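The values are calculated or read from the model by the stated rules, or taken from the named source; none is laboratory data. This is a predicted model, so every value here is computed, not measured. Quick reminder, even Gly has a Cβ in these numbers, built from the backbone with ideal geometry, and neighbours come from all protein chains shown. Each accessible area value is taken on the protein alone, full model and side chains, heavy atoms only, with ligands, DNA and RNA left out. Shrake-Rupley method; radii C 1.70, N 1.55, O 1.52, S 1.80 Å.
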Amino acid sequence: MRSDQLSQKIDWTSVLLFGALVIAGWLNIYAAEYDPEVEQSLFDFGTSAGKQLIWIFTSTAIAFTIFFFDYKFFDSFAYIIYGIVMAMLLFILIGGKEVAGSKSWIGIGGFGLQPSEFAKFATAFALAKYLDNANRKLSDLNTLGIAFAIILLPMALTVLQGDTGTALVFAALVVPMFREGMPPLLIIVALSIFVVFILTLLVSQTVLLAGIAIVTLLALGLNARTPKRLVYIIAGAIVVTSVVRSVDFILTDVLKPHQQKRVLSLVNPNIDPLGVGWNVTQSKIAIGSGGFAGKGFLEGTQTKFDFVPEQTTDFIFCTIGEEHGWIGSILMLALFTTLLLRLVYLAERQKSTFSRVFGYGVVGIIFFHFTVNIAMTIGLFPVIGIPLPFFSYGGSSLWAFTILLFSFLKLDAFRMQVLQRR
């Protein structure tokens with residue numbers, strides 16, 4: 001296909017949204033570390049903003065390179081890409097560089113690469129390849145088990161590196177699995193377990209167990225008309241009770257001390273105000289101080305005095321809230337929402353299972369990062385250290401999201417050829 005024909009098939013709406021988010025992120029990284037007493041340039045490569053500009057240029061090069069790949073490459077090499085990245089994750093456990101308590105980096109000169117970021121698109125490729133078979137149905141336990149194994153392998157390796165936050169992102173790949181027919185009961189059970197876990201942190205276990213007993217008795221009296229329903233009700237009660245009783249064990253014996261504090265600070269922000277609670281408290285102060293229209297670009301006082309740690313990475317959203325206020329925050333949310341809705345539309349129009357599954361994988365991963373990162377900065381979710389897509393400083397993150405997005409846009413551009421090929 002000639003370049004002019006390719007350009008007509010590319011979804012330029014998504015490309016423009018990508019560009020807008022990346023440029024906005026770059027400007028906010030500059031604002032987050034701006035010091036009015038030191039003359040700083042957007043193009044000073046010794047600063048985070050200058051380094052991010054390098055990552056933006058290289059990401060743009062990656063995007064153009066992907067557009068000139070053969071569209072069959074992703075399908076043909078999905079398992080190979082997955083295998084290479086899994087090998088990198090294994091290597092990290094032996095020879096990786098430790099940063100902030102997480103041994104998940106490969107040091108390259110003055111820079112570092114985080115293979116777990118690349119594991120996201122590699123896993124999405126492998127899952128799409130596996131499900132791209134008419135004989136595989138997610139209602140079948142064997143198919144479902146293998147699909148979960150594809151997701152759980154990188155998740156487990158990332159946990160072993162000490163990066164629990166990134167490991168949780170792989171759970172977002174249940175989005176394409178749900179779209180392809182995974183029983184919704186599994187998602188309902190998972191969400192119920194999460195809600196019960198949070199409730200156990202807020203309410204006395206005695207009260208919760210009494211409530212479970214009452215609800216179970218009512219359910220038995222109203223719905224236990226067949227042995228099958230009786231078994232479901234009793235099994236559900238046992239699972240919920242087990243979750244309640246296991247919370248203390250998970251907090252004290254599974255989670256590390258800093259992770260315990262992060263979870264507990266979600267329900268009690270004052271548990272460690274000068275430690276784990278400091279970031280979130282200062283972040284909320286910064287966002288709240290922005291008011292309706294914000295203090296203005298480079299005018300954020302919380303930023304100037306370095307009250308919020310990690311403000312160019314995990315807490316970049318508070319810079320937006322402080323300097324651009326409610327209006328700027330809503331505009332940023334609108335850009336992300338528009339991109340996600342656009343990608344859902346593109347995913348639905350795919351002619352192959354591979355492209356559709358990968359497309360929904362892209363949607364799930366970006367949505368998880370977007371919602372959890374913002375929820376962290378406003379105290380609605382424990383701080384787990386994941387970046388805001390396209391905004392946060394970091395080469396590995398920007399490269400990975402670029403590969404995710406533009407690989408899908410390439411597949412979308414050739415969706416009719418995929419149909420003819422089949």
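Quick rundown of the values:
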| item | result |
| --- | --- |
| In segment 234-255, residue most open to solvent (accessible area, probe 1.4 Å) [restricted to those that are modelled with pLDDT under 80 and more than 21 Å from T206 (Cβ to Cβ)] | D253 |
| Cβ pairs under 8 Å, 6+ apart, first in segment 119-138 and free of Cβ contacts under 8 Å to residues at least 40 places away in the same chain and closer than 14 Å to Y79 by Cβ, second of a type outside the set (A, V, I, L, M) and not in a helix (DSSP H, G or I) | Y130/R136 |
| Residues that are free of Cβ contacts under 8 Å to residues at least 40 places away in the same chain and either under 14 Å from A128 (Cα atoms) or touching a Lys or Arg at 6+ places or on another chain (Cβ under 7 Å) (or both), drawn from segment 160-188 | F178 |
| Matching residues, segment 11-62, being among the hydroxyl-bearing types (S, T, Y), assigned to a helix (DSSP H, G or I) and surrounded by 20 or more Cβ atoms within 10 Å (Cβ to Cβ) | S14, Y30, S59 |
| Breaking point among (1) out of contact with any helix residue (DSSP H, G or I) (no Cβ under 9 Å at 6 or more places or on another chain); (2) crowded, with 22+ Cβ neighbours inside 10 Å, for V363 | (1) |
| Verdict on F178 being among the aromatic types (F, W, Y), modelled with pLDDT under 95, touching a helix residue (DSSP H, G or I) at 6+ places or on another chain (Cβ under 9 Å) and in a helix (DSSP H, G or I) | yes |
| Residue match in segment 295-310 (condition: under 25 Å from V363 (Cβ atoms), surrounded by 14 or more Cβ atoms within 10 Å (Cβ to Cβ) and not aliphatic (A, V, I, L, M)) | no |
| Residue check for F381: at pLDDT below 90, aromatic (F, W, Y) and surrounded by fewer than 22 Cβ atoms within 10 Å (Cβ to Cβ) | yes |
| All positions within segment 38-87 that are closer than 22 Å to A119 by Cα and small (G, A, S) | S59, A61, A63, S76, A78, G83, A87 |
